[in-house]
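This report refers to the structure that appears directly beneath it.
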Amino acid sequence: MAGLIGEMFRRFMSRQAAFFSRLPRSARQKLAEVENKYAELRITG
């Protein structure tokens, strides 16, 4: 089972780059902002 989950995760990661490269620049910027805010919240609690 762990091998299957690992394989699914690897496939997801390889598709993720293609997905992000197809997004418009403004959408990528917004996602980066949200990701940074999430990271800040995780650190500060």
In the calculated pair distance distribution of segment 1-41, what percentage of Cα-Cα distances lie above 14 Å?
-> 63
Would you work out which of Met8, Phe19, Asn36 lies farthest towards the positive end of the dipole of the chain, given +1 charges on the beta-carbon of Lys and Arg and -1 on that of Asp and Glu, about the Cα centre?
-> Phe19
Longest principal axis of the chain (C-alpha) makes with the long axis of helix 2-22 (C-alpha) an angle, in degrees to the nearest 10, of 40
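Please give the length that would be gained between Ile5 and Leu41 if that part of the chain were fully extended, namely 0.36 nm times their separation in residues minus their C-alpha to C-alpha distance (nm, one decimal).
Details: separation 36, 0.36 × 36 = 12.96 nm, distance 2.81 nm.
In short, 10.2 nm is gained.
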Phi-based couplings in Hz for segment 37-45 (Karplus 6.51, -1.76, 1.60; Gly and Pro marked x) = 4, 4, 5, 4, 5, 5, 6, 7, x
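Here, each number is a calculation from the coordinates, and none is a lab measurement. What you are looking at is a predicted structure, and each value in this text was computed from that prediction instead of being measured. All Cβ positions, glycine included, derive from the backbone under ideal geometry; neighbour counts span all protein chains shown.
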